[in-house]
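Chemist: One structure, pasted below without further comment.
Here, each number is a calculation from the coordinates, and none is a lab measurement. Since the model is a prediction, treat every value here as computed from it, not as a measurement. No Cβ is skipped: glycine too gets one built from the backbone with ideal geometry, and neighbour counts run over all protein chains shown.
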Amino acid sequence: MKTSDQKKKKNQDKARDKAQSLIRRIICPEGLELEFRLATYQERLYAFILDSIFMLALVIFLSLVISNLFGLGRESSQAFLALGCYLILNFYFLHFELAWRGRTPGKKIMGIRVINRRGGELTPTMVIARNLTRQVEIFYPLLFLFQNLGEQSSLLSLIELAFILVMILLPRFSRDHYRLGDLIGGTMVAVTPKATLLEDLSVHAPQASYTFTPKHLGIYGALELNALEKALRLSKFQSSPALRKIAYTIIRKINYGRKVKPDDAVQFLRDFYAAERGLLERERLFGRNKDDKNTPLKPIEPVKPGANPTGKKPLTSLARNRSGASQKP
């Protein structure tokens, strides 16, 4: 009995240590510390397999469309199909990682995404660099291997196959699961954080001393708000230079026009937290979530008294017209 309990505890400790080894912390440009979990090698591999299946489905769909709808000859069909395969191969990952902010359909299903490993915004240069490298790592050697499988020597085929396997297994033996494209592009793959607002810190807060416009509040999202809340909750940060640094970084970022004294930095952060949280919660009521600072958010425009945004006649006027009460004699 003791042996089984000890073995169970040992396995739990190993699982906990393994999960802890994937936790990373980065300091974003605003001075806030963000904690996240790296994607495992298996998660990255499964996402790549899913994306490869989606790419193959696109190729099959494209071949059916070209052969059945356009009625082209065999040579023309092959040329168009080759062009389509080239575009899918080169722009599938590039398009989705730019449009979906570091995610592809496979990554989205697995709950992972590409991020800037220095904590800044994921730039198009990074996405292009890591995806061009993928072509050299896997796709072009794989195509070359299949095209010349019966024509080249077995030794050359083995070398090409070994190169592909090394590139595929490189993230498995890298500490942070980097592939070559991550090293060149300055990126890493992390588990997508679930941006949930914590318990409201401003419930018992005093009356606000600082006010903010929707333009000020539209800069940040729930992820940064949670990081700010953690900093405010930690007693070691209270009245410390760290909070002043965070306050003045936010002031510069949102272009806050009013002067804030160093002694009022904590009060400024609390007022900013309460106003930012209120905006995010109101936006969520309308189905508009701002998960982080890179998510665009359009502020709600207040409707002026007497305005009719729908352009339709009010029900009361329609009722009066039908009954004849509002008609002139």
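Chemist: Around Ile109, under 15 Å between beta carbons, what's the net of Lys plus Arg minus Asp minus Glu among the other residues?
Modeler: +2
Chemist: Rg over Rh of the stretch 22-191, using C-alpha atoms and the Kirkwood radius, what does it come to?
Modeler: 1.04
Chemist: Distance in nm between label sites at Leu56 and Thr211, each 7 Å beyond Cα in the beta-carbon direction?
Modeler: 6.2
Chemist: Then there is this: Whose amide H sits under 5 Å from the amide H of Ile112, counting only residues 5 or more places off or on another chain, with H placed in the peptide plane?
Modeler: Thr192
Chemist: Under a point spin-label approximation (7 Å from Cα along Cα-to-Cβ), what is the His95-Ser21 distance to one decimal in nm?
Modeler: Result for the modelled spin labels: 3.9 nm.
Chemist: Mind ordering 127-133, 96-102 by average Cβ neighbours within 10 Å, highest first?
Modeler: The packing order, highest mean first, is 127-133, 96-102.
Chemist: May I ask which of Lys107/Lys253; Lys7/Lys108; Lys9/Lys107; Lys230/Lys259; Lys18/Lys107; Lys108/Lys245 have a Cα-Cα span longer than 27 Å here?
Modeler: Distance filter (> 27 Å) returns Lys107/Lys253; Lys7/Lys108; Lys9/Lys107; Lys108/Lys245.
Chemist: With label points built 7 Å along Cα→Cβ from the Cα atoms of Thr125 and Phe146, find their separation and express it in nm.
Modeler: Each label point is offset 7 Å from its Cα along the Cβ direction, giving 3.5 nm.
Chemist: While we're looking at this one, here's another question. Which ³J(HN,Hα) values in Hz, rounded to whole numbers, follow from the phi angles of the stretch 263-275 under the Karplus curve 6.51 cos²θ - 1.76 cosθ + 1.60, where θ = phi - 60° and Gly and Pro get x?
Modeler: Values per residue, Gly and Pro as x: 6, 9, 4, 5, 5, 4, 5, 5, 5, 5, 4, 4, 5 Hz.
Chemist: Please arrange Phe268, Phe163 by how many other C-beta atoms lie within 10 Å of their C-beta, fewest to most.
Modeler: Phe163, Phe268
Chemist: Which whole-number percent gives the relative contact order of the stretch 22-191, counting Cα pairs below 8 Å spaced six or more residues apart?
Modeler: With pairs under 8 Å counted, the relative contact order is 28 percent.
Chemist: Still on this structure, I have one more. Taking the beta-carbon count within 10 Å as an exposure proxy, list Asp271, Asp182, Asp17 from fewest neighbours to most.
Modeler: Sorted ascending by nearby Cβ count, the order is Asp17, Asp271, Asp182.
Chemist: Return Leu155, Leu232 ranked ascending by Cβ neighbour count within 10 Å, so the fewest neighbours appear first.
Modeler: Lowest count first: Leu155, Leu232.
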